Amino acid sequence: MNKIWIWLVLLLAVTLAVVRLSIGQQQPETQLLLNCSSELYDHQQGGNSHQYFMLMDLQARHHNVVLNYRYFSTDGQPLGSVKLEGSITRRPAGTAYDMSITHKDEQLLQDVKPSHMDYLSYISNLNLTNKASHPMVIEMLDTDELQHYAVIRTQPGNAIYGCRLQN
(Lines give C-alpha, C1' and ligand atoms only; values in the text may rest on other atoms or scores of the structure.)
Protein backbone atom coordinates (compact mmCIF):
# COMPACT_ATOMS: atom_id res chain seq x y z
CA MET A 1 0.00 0.00 0.00
CA ASN A 2 2.83 2.43 0.81
CA LYS A 3 4.40 1.84 -2.60
CA ILE A 4 1.16 2.84 -4.33
CA TRP A 5 1.05 6.16 -2.45
CA ILE A 6 4.68 6.89 -3.30
CA TRP A 7 4.04 6.19 -6.99
CA LEU A 8 0.89 8.35 -6.97
CA VAL A 9 2.70 11.28 -5.30
CA LEU A 10 5.61 10.92 -7.72
CA LEU A 11 3.23 10.81 -10.72
CA LEU A 12 1.37 13.88 -9.44
CA ALA A 13 4.65 15.81 -8.95
CA VAL A 14 5.82 14.98 -12.47
CA THR A 15 2.44 15.97 -13.93
CA LEU A 16 2.50 19.32 -12.07
CA ALA A 17 6.07 20.00 -13.25
CA VAL A 18 5.14 19.31 -16.89
CA VAL A 19 2.04 21.53 -16.70
CA ARG A 20 3.97 24.37 -15.07
CA LEU A 21 6.74 24.15 -17.66
CA SER A 22 4.19 24.11 -20.47
CA ILE A 23 2.36 27.19 -19.14
CA GLY A 24 5.64 29.05 -18.62
CA GLN A 25 6.63 28.55 -22.26
CA GLN A 26 3.29 29.77 -23.61
CA GLN A 27 3.91 33.51 -23.19
CA PRO A 28 1.37 35.63 -25.00
CA GLU A 29 2.48 37.17 -28.26
CA THR A 30 3.80 40.68 -27.75
CA GLN A 31 2.01 43.14 -29.97
CA LEU A 32 2.31 46.82 -29.16
CA LEU A 33 2.00 50.02 -31.18
CA LEU A 34 2.61 53.36 -29.46
CA ASN A 35 2.81 56.88 -30.89
CA CYS A 36 4.42 59.10 -28.26
CA SER A 37 5.35 62.76 -28.06
CA SER A 38 7.31 64.99 -25.76
CA GLU A 39 8.54 68.56 -25.50
CA LEU A 40 12.27 68.83 -24.93
CA TYR A 41 14.07 71.74 -23.30
CA ASP A 42 17.83 72.15 -23.62
CA HIS A 43 19.11 74.51 -20.94
CA GLN A 44 22.33 76.23 -21.96
CA GLN A 45 24.80 78.26 -19.93
CA GLY A 46 23.87 81.91 -19.62
CA GLY A 47 20.18 81.17 -19.06
CA ASN A 48 19.38 80.41 -22.71
CA SER A 49 17.15 77.46 -23.41
CA HIS A 50 15.98 75.86 -26.62
CA GLN A 51 12.73 73.98 -27.09
CA TYR A 52 12.28 71.00 -29.37
CA PHE A 53 9.61 68.43 -30.07
CA MET A 54 10.18 64.71 -30.20
CA LEU A 55 7.98 61.97 -31.58
CA MET A 56 8.70 58.37 -30.67
CA ASP A 57 6.98 55.49 -32.40
CA LEU A 58 7.26 51.98 -31.00
CA GLN A 59 6.22 48.95 -33.01
CA ALA A 60 6.50 45.53 -31.40
CA ARG A 61 5.33 42.30 -32.94
CA HIS A 62 6.20 38.84 -31.65
CA HIS A 63 9.71 39.37 -30.28
CA ASN A 64 10.83 42.14 -32.65
CA VAL A 65 10.77 45.84 -31.80
CA VAL A 66 11.44 49.07 -33.72
CA LEU A 67 11.70 52.43 -31.95
CA ASN A 68 11.85 55.52 -34.11
CA TYR A 69 12.76 58.79 -32.39
CA ARG A 70 12.20 61.90 -34.54
CA TYR A 71 13.26 65.39 -33.48
CA PHE A 72 11.77 68.70 -34.66
CA SER A 73 12.28 72.40 -34.05
CA THR A 74 9.36 74.44 -32.71
CA ASP A 75 8.51 75.55 -36.23
CA GLY A 76 8.24 71.93 -37.43
CA GLN A 77 11.61 71.59 -39.19
CA PRO A 78 13.01 68.05 -38.89
CA LEU A 79 16.31 67.99 -37.02
CA GLY A 80 17.16 64.31 -37.06
CA SER A 81 16.15 60.81 -36.10
CA VAL A 82 17.38 57.72 -34.30
CA LYS A 83 15.92 54.35 -35.27
CA LEU A 84 16.58 51.40 -32.94
CA GLU A 85 15.80 47.77 -33.72
CA GLY A 86 16.04 44.64 -31.62
CA SER A 87 14.05 42.18 -29.57
CA ILE A 88 11.40 42.66 -26.89
CA THR A 89 9.99 40.49 -24.11
CA ARG A 90 7.15 41.26 -21.76
CA ARG A 91 7.82 40.88 -18.08
CA PRO A 92 5.60 38.35 -16.27
CA ALA A 93 3.60 41.05 -14.43
CA GLY A 94 2.78 42.60 -17.81
CA THR A 95 3.50 46.22 -16.91
CA ALA A 96 7.00 46.44 -18.38
CA TYR A 97 8.92 45.32 -21.44
CA ASP A 98 12.62 44.49 -21.68
CA MET A 99 14.29 45.32 -24.97
CA SER A 100 17.66 44.37 -26.37
CA ILE A 101 18.61 46.78 -29.16
CA THR A 102 21.07 45.34 -31.69
CA HIS A 103 20.89 47.82 -34.58
CA LYS A 104 20.81 51.60 -34.79
CA ASP A 105 20.37 54.02 -37.69
CA GLU A 106 20.90 57.71 -37.00
CA GLN A 107 20.41 60.80 -39.17
CA LEU A 108 21.27 64.39 -38.33
CA LEU A 109 19.43 66.71 -40.72
CA GLN A 110 20.44 70.10 -39.26
CA ASP A 111 23.46 71.55 -37.47
CA VAL A 112 21.47 71.51 -34.23
CA LYS A 113 21.34 68.30 -32.17
CA PRO A 114 18.93 68.22 -29.21
CA SER A 115 20.44 67.00 -25.93
CA HIS A 116 18.07 64.01 -25.82
CA MET A 117 19.24 62.88 -29.26
CA ASP A 118 22.86 63.39 -28.23
CA TYR A 119 22.36 61.32 -25.06
CA LEU A 120 20.46 58.53 -26.87
CA SER A 121 23.17 58.43 -29.54
CA TYR A 122 26.00 58.34 -26.99
CA ILE A 123 24.59 55.71 -24.63
CA SER A 124 23.41 53.39 -27.41
CA ASN A 125 26.80 53.67 -29.21
CA LEU A 126 28.59 52.86 -25.97
CA ASN A 127 26.52 49.73 -25.35
CA LEU A 128 26.41 48.56 -28.98
CA THR A 129 30.18 48.93 -29.29
CA ASN A 130 31.12 47.32 -25.97
CA LYS A 131 28.32 44.77 -25.45
CA ALA A 132 26.81 44.33 -28.95
CA SER A 133 23.38 45.21 -27.53
CA HIS A 134 21.77 48.22 -25.87
CA PRO A 135 19.34 47.26 -23.07
CA MET A 136 16.17 49.33 -22.64
CA VAL A 137 13.05 49.04 -20.52
CA ILE A 138 9.61 50.48 -21.14
CA GLU A 139 7.33 50.67 -18.12
CA MET A 140 3.61 51.20 -18.61
CA LEU A 141 2.77 53.72 -15.88
CA ASP A 142 -0.85 54.24 -16.89
CA THR A 143 -2.95 52.84 -19.71
CA ASP A 144 -6.54 53.14 -20.81
CA GLU A 145 -7.37 51.00 -23.83
CA LEU A 146 -10.86 52.51 -24.11
CA GLN A 147 -9.40 56.04 -24.35
CA HIS A 148 -6.42 54.77 -26.42
CA TYR A 149 -3.67 56.33 -24.31
CA ALA A 150 -0.67 55.23 -22.31
CA VAL A 151 1.87 56.97 -20.14
CA ILE A 152 5.24 55.25 -20.30
CA ARG A 153 8.71 55.60 -18.81
CA THR A 154 11.81 54.53 -20.72
CA GLN A 155 15.13 53.47 -19.26
CA PRO A 156 17.88 54.45 -19.61
CA GLY A 157 17.11 58.13 -19.44
CA ASN A 158 14.09 58.01 -17.12
CA ALA A 159 12.02 59.85 -19.74
CA ILE A 160 8.22 59.92 -19.46
CA TYR A 161 6.01 60.14 -22.55
CA GLY A 162 2.35 60.53 -23.26
CA CYS A 163 1.37 58.06 -25.98
CA ARG A 164 -1.50 57.15 -28.23
CA LEU A 165 -2.12 53.44 -27.84
CA GLN A 166 -2.93 51.77 -31.15
CA ASN A 167 -4.68 48.41 -31.48
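The values are calculated or read from the model by the stated rules, or taken from the named source; none is laboratory data. Predicted model, so just to flag it, every value in this text is computed and none were measured. For neighbour counting, all protein chains shown are included, and Cβ atoms are generated from backbone atoms with ideal geometry for every residue, glycine included. Ligands, DNA and RNA are stripped out before the accessible areas are found, and what is left, the full protein with its side chains, is counted by its heavy atoms. Shrake-Rupley method; radii C 1.70, N 1.55, O 1.52, S 1.80 Å.
Details
- Close pairs (8 angstrom Cβ cut-off, 6 or more residues apart or separate chains): free of Cβ contacts under 8 Å to residues at least 24 places away in the same chain in region 59-78, open to solvent by less than 90 Å² (accessible area, probe 1.4 Å) and outside any strand (DSSP E or B) anywhere: none
- Scanning region 119-131 for residues that are among the polar types (S, T, N, Q), more than 16 Å from LEU40 (Cβ to Cβ) and open to solvent by less than 100 Å² (accessible area, probe 1.4 Å) yields SER124, ASN125, ASN127.
- One residue alone among HIS148, HIS116, HIS134 is touching a helix residue (DSSP H, G or I) at 6+ places or on another chain (Cβ under 6 Å), in contact (Cβ under 8 Å) with a residue 12 or more places away in the chain and open to solvent by less than 70 Å² (accessible area, probe 1.4 Å), and that residue is HIS134.
- Qualifying residue in region 96-107 (condition: on the phi > 0 side of the Ramachandran plot and open to solvent by 50 Å² or more (accessible area, probe 1.4 Å)): no
- Set ILE138, ILE123: member being over 19 Å from LEU34 (Cα atoms) and among the aliphatic types (A, V, I, L, M): ILE123
- Among the residues making up region 146-167, those that are more than 11 Å from LEU33 (Cβ to Cβ), modelled with pLDDT of 90 or more, in a strand (DSSP E or B) and not charged (D, E, K, R) are TYR149, VAL151, ILE152, THR154, GLN155, ILE160, TYR161, GLY162.
- Taking the listed residues SER115, SER124, SER133, the one that is hydroxyl-bearing (Ser, Thr, Tyr) and within 24 Å of SER49 (Cα to Cα) is SER115, with no other qualifying.
- Residue within region 78-85 that is open to solvent by 50 Å² or more (accessible area, probe 1.4 Å), among the hydroxyl-bearing types (Ser, Thr, Tyr) and within 19 Å of CYS36 (Cα to Cα) present: no
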